[in-house]
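The values are calculated or read from the model by the stated rules, or taken from the named source; none is laboratory data. Since the structure is predicted, the reported quantities are computational estimates derived from the model, not experimental observations. No Cβ is skipped: glycine too gets one built from the backbone with ideal geometry, and neighbour counts run over all protein chains shown. The accessibility values were calculated without ligands, DNA or RNA, using every heavy atom of the protein model including side chains. Shrake-Rupley method; radii C 1.70, N 1.55, O 1.52, S 1.80 Å.
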Amino acid sequence: MHPGRMNRSAPRTVRYAPRGRVRGWAAVTLATAVAALTALAPTASASSGFTVFTNERGTGTPGLQQYGAVKSTVVYDYFALTCDAEGCYSNGGALPSEAAYESKVKDYMSASQFGGGASAPVVLDFENIVLTALSGKAATNAFGLWKQLVTWTHKAAPSAPVGMYGYDSSTTNNSLTQQLHQNGLFDFFAPRAYRGSSQTDAAWTSTLDASVANDHALAPGQPVYPYVSPSWDGSPGGATMSGSTWGYTIEQLKAKTDGAVVWEASANDATACNWVAQNAYEMGVLTGTPSTGPLTATATPPSGNCTVPRGTTTSVPVTLTNTSGSTTAATQMQSFTGTSGFSGSWQYWSVPALAPGAAFHTTLPLAVASSQSTSTALLHIRTGLSDTRWTVVVK
């Protein structure tokens, strides 16, 4: 995760805080019966065996669980742990008691923080004592501390797999790291896999490959869940990558790992439209719920991009196009029922038979409640013949 992010009391608006760190739905499509996706979304492992986890907390987050991601927990370095040749310390003094440590783990798992379920992964982000950054007696002391902390974490979260955020492409102290993945200690790997703004696809992929190869060599049967972010360098609120880059990232992770943790994602304005749209597409594939049918819907709010405002009604033009090779039967727009503060009723409901390439136009007065909390929403435009996924960024 990133340096300087260990706020020990106030919760942050969200996947982790590693030092440095994992990809949209370009065509906007709406679905008339908007299911309560936040509550009912299939998990990202439903059809693929690849799970997307999300670290989000606070208000105004993208709400990636509505697309099928699974909330998980990161435990930050609240105790400011360090080790040297003489021993290990918390804030330069005595280490925390078992009770104090376990209480903090449970706090990070709680609904007021990350809200990870009892069986969701717990990642320990203690970057000052990662074994790849230490040497000699300091590394040996840190190894002993890690064993104690992992044991306590399992006691605090007995149903949760536990892992360590790390720089797994480095093989420094590999033998010690390997021992931490044995004897009921760590259950999975969580390597840093953020994309640098100056990194080429090849350079990023090379680092990912090195991390995965090292992890598999140390513990062949354990899952690998790299930390990623749609923001360059894993910087929350920073510049976001293109939809194609996010898509490339997800495709590489799907091919080489068991899942990913999306950390500190943000989507607050039109600059996020591309990755949000691509992410929606990728999650539709992962969850087995992609857009379907011969009629493809496109919708662009008056903003000219994917953004809609809270607390008002926006008239959104919608076009249905027959993208199949045959004439479609006449059908109807399905009722647009609200979820997470969205509602609206179609201007024109009856869709005539459409020849290949022909289009039908209607308008949706989309009402967004001022109480709508997440900064993105996955909606659907549905007819009796089709279902098109549509994503918006809410401002």
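Within the stretch 285-323, the set of residues being in contact with a Leu (Cβ under 9 Å, 6 or more places away or on another chain) and within 21 Å of Val394 (Cβ to Cβ) comprises Ala297, Thr298, Ala299, Pro301, Val308, Thr313, Thr314, Ser315, Val316, Pro317, Val318. So which residues in the stretch 336-395 are part of a loop (DSSP other than H, G, I, E, B) and among the aliphatic types (A, V, I, L, M), if there are any at all? Result: Ala353, Ala355, Ala358, Ala369, Leu385. Say whether the condition of being under 30 Å from the mean Cα position of the chain (by Cα), part of a strand (DSSP E or B) and buried (at least 17 other Cβ atoms within 10 Å of the Cβ) is met by at least one residue in the stretch 281-294. No - not one qualifying residue is present in the stretch 281-294. Regarding Ser229, is this residue under 22 Å from Val285 (Cβ atoms), open to solvent by less than 10 Å² (accessible area, probe 1.4 Å), small (Gly, Ala, Ser) and modelled with pLDDT of 95 or more? So Ser229 passes the test.
With respect to the conditions (1) among the polar types (S, T, N, Q); (2) in contact with a strand residue (DSSP E or B) (Cβ under 7 Å, 6 or more places away or on another chain); (3) open to solvent by 10 Å² or more (accessible area, probe 1.4 Å); (4) assigned to a helix (DSSP H, G or I), Asn274 falls short on a single one, namely (2).
Take Gly325 and decide whether it is outside any strand (DSSP E or B), at pLDDT 95 or above and on the phi > 0 side of the Ramachandran plot. Answer is no for this residue. Is it the case that Ala358 is under 29 Å from Asn268 (Cα atoms), hydrophobic (A, V, I, L, M, F, W, C), open to solvent by less than 50 Å² (accessible area, probe 1.4 Å) and out of contact with any helix residue (DSSP H, G or I) (no Cβ under 8 Å at 6 or more places or on another chain)? In short, no.
Here are Val393, Val316, Val351: which of them is within 19 Å of Ala280 (Cα to Cα) and either modelled with pLDDT of 95 or more or over 31 Å from the mean Cα position of the chain (by Cα) (or both)?
Details: Val316 fails: within 19 Å of Ala280 (Cα to Cα); Val351 fails: within 19 Å of Ala280 (Cα to Cα).
None of the others qualify; the one that does is Val393.
Of all the numbered requirements in (1) open to solvent by 50 Å² or more (accessible area, probe 1.4 Å); (2) farther than 13 Å from Val394 by Cβ; (3) within 30 Å of the chain's Cα centre (by Cα), Ser326 misses one, and that requirement is (3).
To keep it simple, each residue is scored yes or no on (1) modelled with pLDDT of 95 or more; (2) over 18 Å from Ala210 (Cα atoms); (3) surrounded by 17 or more Cβ atoms within 10 Å (Cβ to Cβ); (4) not polar (S, T, N, Q).
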residue	(1), (2), (3), (4)
Lys147	yes, yes, no, yes
Thr151	yes, yes, no, no
Ser159	yes, yes, no, no
Gly166	yes, no, yes, yes
Thr171	yes, no, no, no
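For (1) under 17 Å from Ser170 (Cβ atoms); (2) within 30 Å of the chain's Cα centre (by Cα), each residue gets a yes or a no:
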| position | (1), (2) |
| --- | --- |
| Glu86 | no, no |
| Gly93 | no, no |
| Pro96 | no, no |
| Val105 | no, yes |
| Ser110 | no, yes |
| Gly116 | no, yes |
| Val123 | no, yes |
| Asn128 | yes, yes |
| Leu131 | yes, yes |
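Scanning the stretch 258-273 for residues that are of a type outside the set (A, V, I, L, M) and more than 15 Å from the chain's Cα centre (by Cα) yields Asn268, Asp269, Thr271, Cys273. Being in contact with a helix residue (DSSP H, G or I) (Cβ under 8 Å, 6 or more places away or on another chain) and assigned to a helix (DSSP H, G or I): is that true of Phe189 here? So Phe189 fails the test.
Across the stretch 180-191, the qualifying residues are those that are surrounded by fewer than 17 Cβ atoms within 10 Å (Cβ to Cβ) and of a type outside the set (Gly, Ala, Ser), and the one among them that is farthest from the chain's Cα centre (by Cα) is Asn183.
The condition (being open to solvent by 10 Å² or more (accessible area, probe 1.4 Å) and modelled with pLDDT of 70 or more) is satisfied by just one residue among Tyr67, Tyr76, Tyr89, Tyr101: Tyr89. Which condition breaks for Trp346 when tested against (1) of a type in the set (A, V, I, L, M, F, W, C); (2) touching a Pro at 6+ places or on another chain (Cβ under 6 Å); (3) closer than 30 Å to Gly63 by Cα? With respect to (1) of a type in the set (A, V, I, L, M, F, W, C); (2) touching a Pro at 6+ places or on another chain (Cβ under 6 Å); (3) closer than 30 Å to Gly63 by Cα, Trp346 is out only on (2).
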